[in-house]
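The values are calculated or read from the model by the stated rules, or taken from the named source; none is laboratory data. Note that the structure is predicted; figures quoted are calculated from it, not measured. Neighbour counts are summed over all protein chains in view; Cβ atoms, including those assigned to glycine, are modelled from backbone coordinates with ideal geometry.
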Amino acid sequence: MRALRCAGRDARGVLRPTAAGVLLFGTTLGLRRHFPMMRVDYIRVPGRQWVEDPSTRFETLELRAPLVRLVTRALAAILDDLPKAFSLPADGVQRRDVPRIPARVLREAVVNAVMHRSYRVHGPVRLIRYSNRLEIRNPGYSLVAEERWGEPGSVSRNPHIAAVLHELNYAETKGSGIRVMRALMREAGLTPPTFESDRQKNLFVATFLFHHFLGPEDWTWLRSLAVEDLTDEEARALVYMRETFSLDNAAYRDLNQVDALNASQHLRRLRDHGLFEQRGRGSATFYIPTPRFIATLDEPVLEAPALSGKPVALSGNLPP
């Protein structure tokens, strides 16, 4: 414990646990006493939008445990509830149900959330499961500049916690998490994940769609929009907007691996076609669907913050 900086001697020479020691290995009583809001909330929301309606009841599971157990408990809660896909291995004769999002992607996302969160903020990590996506929200903006996400190298807010999770083979400490998640989602034929770091709100959000991208049904819907010379990048943005009702420059770059200038040009083109409505200015610019866009959807859209204010999925108010 001393070598891992999870325990140390005080001024009187008494060996005591450090904050990292309590978080990683502490008893339930110790965690309640010193870190009462250190938990993971798994929230199941019906539909695709967060509805600010006090009469709406959500299914919530509060997970409390030292971090060495909390990661596996949170991952199990997601996997038990996640939609499954049918798989028949080439060398097998029995079907196998696999989670719609690869398990390794989920593990990387959960570990990143508890390892890099700010423990100075009195609030839980939130795993919000909508009907079409999973959002992971943790207190604490990214200490790595956005343009360096996915590159080698890591800057840790909690180095002692990161070191222990690395020793337990939960996490790498080489800054490979985002790159691995993007690669595995693409290999599975899924929408690349999007990430947003909000320094002002001290918040980091990772979004994972369950949607297999650009299948026949998607192209049928895209043709109904009657947009000429639609690029693959713009098609991805339109499908993403259909699923989340919000999009900004950072999310467009995550989806298509393009630079900020190209992302801005494509977003403005979709705005000029009457599909996206622009809100905000400068770096705070984001887009929401127009009535013309909404009219093409099969299911009704509730009046929610995603349609009347900051987008829920990427940079909206933190759900309570």
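Some values worked out for this structure:
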{"read-out": "Of all residues making up segment 133-155, the number that are assigned to a loop (DSSP other than H, G, I, E, B) and modelled with pLDDT of 85 or more", "value": "5"}
{"read-out": "Of all residues in segment 171-217 being among the β-branched types (Val, Ile, Thr) and in a loop (DSSP other than H, G, I, E, B), the one that is surrounded by the fewest Cβ atoms within 10 Å (Cβ to Cβ)", "value": "Thr173"}
{"read-out": "Cβ-Cβ under 9 Å pairs, at least 6 apart or on other chains, segment 10-27 side farther than 21 Å from Leu67 by Cα, far side in a strand (DSSP E or B)", "value": "Asp10/Arg16; Leu15/Ala7; Leu15/Gly8; Leu15/Arg9"}
{"read-out": "Total residues in segment 263-279, condition outside any helix (DSSP H, G or I) and in contact with a Ser or Thr (Cβ under 9 Å, 6 or more places away or on another chain)", "value": "6"}
{"read-out": "Pairs with Cβ under 6 Å, 6+ apart, first in segment 173-185 and polar (S, T, N, Q), second at pLDDT 85 or above and surrounded by 15 or more Cβ atoms within 10 Å (Cβ to Cβ)", "value": "Thr173/Ala162; Thr173/His166"}
